[in-house]
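To start, the structure under review is shown below, and the notes come after it.
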Amino acid sequence: MTSQEQKLDLIYRIFSPSAPIESPELFVGRYKELEKIKDSVEERGQHAVMHGTRGAGKTSLANVVCSLYNPEYVWTIKVTAHHNDNFKTLWEKTIEKIKISIPQRNIGFKNIETEKIVSIDFPDKDNISPSDIEKILSTFENYLLIIFDEFDSIEDKETKTQMADLLKIFSDNLPQITILIIGVAENVNELIGKHSSLERCIKQIEMPLMSKDECIALIFNSLKILEMDMESEVAKKIVEYSCGYPHYVHLLCKYSAKDAVSKNQKMISLKNFDIAVCESIENSDQSIKTSYHTAISSYAKTKNQFEDVIMACLLSETDEKDSFSPYEILENFNHLTKKSLKVDSIHYNLGMLCKKERGEILQKISQTALRYRFKNPLMKAFIRLKFHEISNIPK
Ligand SMILES: Nc1ncnc2c1ncn2[C@@H]1O[C@H](COP(=O)(O)OP(=O)(O)O)[C@@H](O)[C@H]1O
Ligand SMILES: [Mg+2]
């Protein structure tokens, strides 16, 4: 392998836009969230629920938590839930991963102690109750952290209630066990339902998008391993365009670094970045690309106004629910296009962008007043890249 090939190989391993982080070396930031998980493990009888938007970095954090604990002190088990899982299948998968060591005294002159690793038997019956799981784990004295990732994908409603009952049982009777439930949701209730008896024993952990500092740390931590550098203007653009999504930081860094290495540069420049933007658009999620193209598609050769409406959405201030007001969109649209569209027309356009025929790019959310947001939050970053690409096409 040439040194250039080796570097490219390293780029592919360091930047993983589509896979969660496995190694703590490549993981940046999230100190507050890590601290909260540590607190839940250390506080007997405490559990945690981590919720956040897709792509915020929840699975990466769970992976890193697992590798940070020494199994001699805290055993960690991570189970990824699937849509057809239920209480029984989830626990079957969990118990399968638990191995206990039993000291063995050998027969002979010397009393040498060895250990035998055995797995725990799972009861062979159709209905498994929370008390069955309590019974199985009651022999286990170690600190145990069990993580259920992608809990939101479970369709069986009964599982949530049974899991909530089990958390309470663990808190009361097996306080050395901590359960961490992770999923895409706006709050804890959405993930496991509302259970007032559980309020005191559950720590809520909201996984925010990455801060600017965390994005910068991600960029330069990775480049240091690659022995490369980046012009500060490029790093600033990557942070701005990624809108807090580490997926896009990885994507833009990967293609910028790849282009620089192919040209034997150690320093990543704006020219490499321009190429990376096109590559990142090309390699973005297919559903995002389809939704965007459906939204702006036009039979005529000239562009329709949906492209400008979408840009006006992007430029609008968002609230804590990531939503924007039609009045601000209208103001931005008129400023951008030098037109004087009326509020009814903007409502019509925004309504269309919520429909299938326009890619369902937006979603209505009704609070006191009607507001809109991007249905897939990652769309924001994609649109930024699109507009960078469009503004760079020679006129
Ligand atoms: N703390 C982090 N440091 C570096 N990269 C991260 C971090 N968190 C997430 N990522 C990257 O962001 C992307 C999405 O992360 P992931 O953990 O799969 O998110 P989620 O589980 O919330 O959907 C992946 O490419 C992952 O490698
Ligand atoms: Mg995940």
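The values are calculated or read from the model by the stated rules, or taken from the named source; none is laboratory data. This structure is a prediction, so every number in the text was calculated from the model and none was measured. Positions of Cβ are generated from backbone atoms using ideal geometry, with glycine treated the same way; all protein chains shown enter the neighbour counts.
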In the set Ala217, Ala260, Ala276, Ala235, the lone residue that is modelled with pLDDT of 95 or more, assigned to a helix (DSSP H, G or I) and either among the basic types (Lys, Arg) or under 30 Å from Val79 (Cα atoms) (or both) is Ala217
Subset of the range 38-88, residues within 16 Å of ligand 2 (Cβ to nearest atom), more than 17 Å from Ile154 (Cβ to Cβ) and among the β-branched types (Val, Ile, Thr), comes to Thr53, Val64, Val65
Qualifying residue in the range 14-33 (condition: within 15 Å of the chain's Cα centre (by Cα) and away from ligand 2 (no atom under 16 Å from the Cβ)):
yes
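Results for (1) in contact with a helix residue (DSSP H, G or I) (Cβ under 9 Å, 6 or more places away or on another chain); (2) at pLDDT 95 or above; (3) among the hydroxyl-bearing types (Ser, Thr, Tyr); (4) in a strand (DSSP E or B), shown as yes or no for each residue.
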| site | (1), (2), (3), (4) |
| --- | --- |
| Gly108 | no, no, no, no |
| Ile117 | no, no, no, yes |
| Pro123 | yes, no, no, no |
| Asn127 | yes, no, no, no |
| Ile136 | yes, no, no, no |
| Lys160 | yes, no, no, no |
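Yes/no per residue for (1) over 26 Å from Lys203 (Cβ atoms); (2) in contact with a strand residue (DSSP E or B) (Cβ under 7 Å, 6 or more places away or on another chain); (3) not assigned by TED's automatic domain parsing to the domain that holds Gly193:
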position	(1), (2), (3)
Ile14	yes, no, yes
Arg30	no, no, no
Glu35	no, no, no
Glu43	no, no, no
Gly52	no, yes, no
Gly55	no, no, no
Ala81	no, yes, no
Thr94	no, yes, no
Lys99	yes, yes, no
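Residue by residue, here is whether (1) in a strand (DSSP E or B); (2) more than 16 Å from ligand 1 (Cβ to nearest atom) holds:
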position	(1), (2)
Arg13	no, no
Glu22	no, no
Gly29	no, no
Ile37	no, no
Val49	yes, no
Thr59	no, no
Asn63	no, no
Val79	yes, no
Asn84	no, yes
Exactly one of Thr294, Thr290 is surrounded by fewer than 16 Cβ atoms within 10 Å (Cβ to Cβ), β-branched (Val, Ile, Thr) and under 28 Å from the mean Cα position of the chain (by Cα), and that one is Thr290
Taking the range 23-64 and the residues there that are among the basic types (Lys, Arg) and farther than 18 Å from Ser222 by Cβ, the one that is surrounded by the fewest Cβ atoms within 10 Å (Cβ to Cβ) would be Lys32
Selection from the range 194-212 of residues within 14 Å of Phe170 (Cβ to Cβ) and not basic (Lys, Arg) yields His195, Ser197, Leu198, Cys201, Ile202
